[in-house]
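Bear in mind that the values in this text are calculations on the coordinates, not laboratory data. On a predicted model such as this, the values are computed, not experimentally measured, just so you know. Here the Cβ is made from the backbone with ideal geometry for all residues, glycine too, and neighbour counts use every protein chain on show.
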Amino acid sequence: MQARELAVEGAIEFTPKVFPDDRGLFLSPFQEEAFTEAHGGPLFRTVQTNHSSSKRGVVRGIHYTTTPPGTAKYVYCASGQALDIVVDLRVGSPTFGKWDAVLLDQRDHRAMYFPVGVGHAFVALEDDTVMWYLLSTAYDPGNELALSVLDPALGLPVDPGVEPILSERDQVAITLAEAERQGLLPDYATCVEIERRLSEVPQTT
């Protein structure tokens, strides 16, 4: 498995080796040794998995969690094709306000790691695009926040070639600048400390 650091500090792209044959193919979207080497510590203890299915043109995000508790994610596209986007929302981070995007598809089968405190968005580029997540914390609606994926100051690549389909929540989400003014963004030092603690609790199977 190959690992590549993204433009957002702590975010990592993983590309597994794919083994095709006349029956189909086999691959491992997550490999502990490769993750630990790239991240500097083991994957967090998974407390919840999420599964979403989207039709072409659906745009989800930018979603993030109040920190603390904060949430780290490992994301894989199990079917279809998506442009997965990470945005640094951590005030004080050396890459604050920057973003990066990775094409998750059924050719390269890449996965992405999202550290605590960053924002997540994706664009479904095909019908029946299935995204699968490992999460470090359980869902709590009181901790869930959103920023506008259409914020012109960010300039995210969210045009899927059709009219973007957003939830009501995402349509009215505020900009990054407004969230910073309201004190709704995570603190970088706090995120780093939470990330360190997560690495001290090994993944269980």
>> I need to check one value: relative contact order of the chain, counting alpha carbon pairs closer than 8 Å and at least 6 residues apart, in percent.
In response: 30 percent
> Among the aspartates and glutamates, which fall within straight-line cross-link reach of Lys17, defined as a Cα-Cα distance under 12 Å, with same-chain neighbours fewer than 8 residues apart omitted?
Replying inline: Asp108
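What's the ranking of 125-137, 38-50, 105-117 by average number of surrounding C-beta atoms within 10 Å, highest first?
Working: 125-137: 18.8, 38-50: 15.5, 105-117: 20.7.
Result, highest mean first: 105-117, 125-137, 38-50.
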> What's the percent breakdown of Cα-Cα distances in region 2-199 across 5 Å bins, shortest bin first?
Replying inline: 1, 8, 16, 21, 22, 17, 10, 4, 1, 1, 0, 0
> When you count, for each residue, the other Cβ atoms within 10 Å and take the mean per peptide, how do 14-24, 138-148, 179-189 rank with the highest first?
Replying inline: 179-189, 138-148, 14-24
> Based on the Cβ-Cβ distance from Ala153 to Asp128, what FRET efficiency comes out when R0 is 30 Å, to the nearest 0.05?
Replying inline: 0.35
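If R0 is 45 Å, what FRET efficiency do you get for Asn143 and Phe19 from their C-beta distance, rounded to 0.05?
Details: r = 39 Å, r/R0 = 0.87.
The formula returns an efficiency of 0.70 here.
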> Counting Lys and Arg as +1 and Asp and Glu as -1, each charge on the Cβ, what is the dipole of region 2-199 about the Cα centre in debye, to the nearest 20?
Replying inline: 240 debye
